[in-house]
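Contents: one structure, followed by commentary.
Please treat every number below as a calculation from the coordinates, not as lab data. Since the model is a prediction, treat every value here as computed from it, not as a measurement. Note that we place each Cβ from the backbone using ideal geometry, even for glycine, and neighbour counts take in every protein chain shown.
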Amino acid sequence: MILSGREGDRAVLQWTRRVAGAADSDRVECLLVDPDPADWVPEYPEAVESGRGEERLQLASGMVREVLGESCGADVRTEAGVGAPLATVLHRLVDGGFDLVMIGVEDDADRLLSEKVARKSPASVLSVPAGAADRCKRILTATDFSSTSILALDV
């Protein structure tokens with residue numbers, strides 16, 4: 001899961017707890033990325049000042065312990081990423097063999113990162129809006145009835 005150390009991370013952590021428990025996951029990795037790095041990719045919008053770098057990463061680590069704790073039944077690992085968010089996330093995805101990427105979306109910068117990760121990720125991507133409840137009452141599945149979309153319907 002990708003976190004930025006802001007309050008919007010709470011929703012993606014709650015979703016992670018639910019999905020990891022339902023899928024009987026054995027490992028959950030939390031990659032804490034600084035949404036305001038010095039080498040920010042130019043196509044990202046300007047970041048909003050609300051606590052930079054280490055302060056945000058500390059907040060995210062505390063939130064991971066608070067929300068996930070022992071309740072998701074998986075080995076939870078937390079790692080801080082360094083550098084531009086997109087490159088940091090994609091590098092970790094290539095090395096990690098992940099099945100699902102979960103990204104919290106709080107603002108336009110998060111939304112843009114989520115879209116770019118979804119385009120290039122070797123794993124499925126779930127974007128979780130800030131404040132979203134950790135359950136689904138109604139699900140829309142777009143399909144072209146290809147073999148890949150049939151797999152999506154199974155999920």
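Once the C-beta distance of residue 29 and residue 142 is scaled by a Förster radius of 30 Å, the resulting FRET efficiency is 0.55 to the nearest 0.05.
Note on region 116-155: the alpha carbon radius of gyration divided by the globular reference 2.2 N^0.38 Å gives 1.38. Any chance you could tell me what percent of the C-alpha pair distances in region 76-155 go past 23 Å? Cα-Cα pairs in region 76-155 separated by more than 23 Å: 29 percent.
Length available on full extension from residue 123 to residue 18: 0.36 nm per residue minus the Cα-Cα distance, which gives 35.9 nm.
Treating r as the C-beta distance of residue 134 and residue 111 and R0 as 30 Å, the FRET efficiency rounds to 0.95. Here r is the Cβ-Cβ distance between residue 7 and residue 149 and R0 is 30 Å; the resulting FRET efficiency, rounded to 0.05, is 0.30.
Peptides 131-143, 97-109, 113-125 ranked from most to least packed, by the mean per-residue count of other Cβ atoms within 10 Å: 97-109, 113-125, 131-143.
If every alpha-carbon in region 90-131 counts as one equal scatterer, what log10 I(q)/I(0) does Debye give at q = 0.19, 0.34 1/Å? Evaluating at q = 0.19, 0.34 Å⁻¹ gives log10 I(q)/I(0) of -0.52, -1.19.
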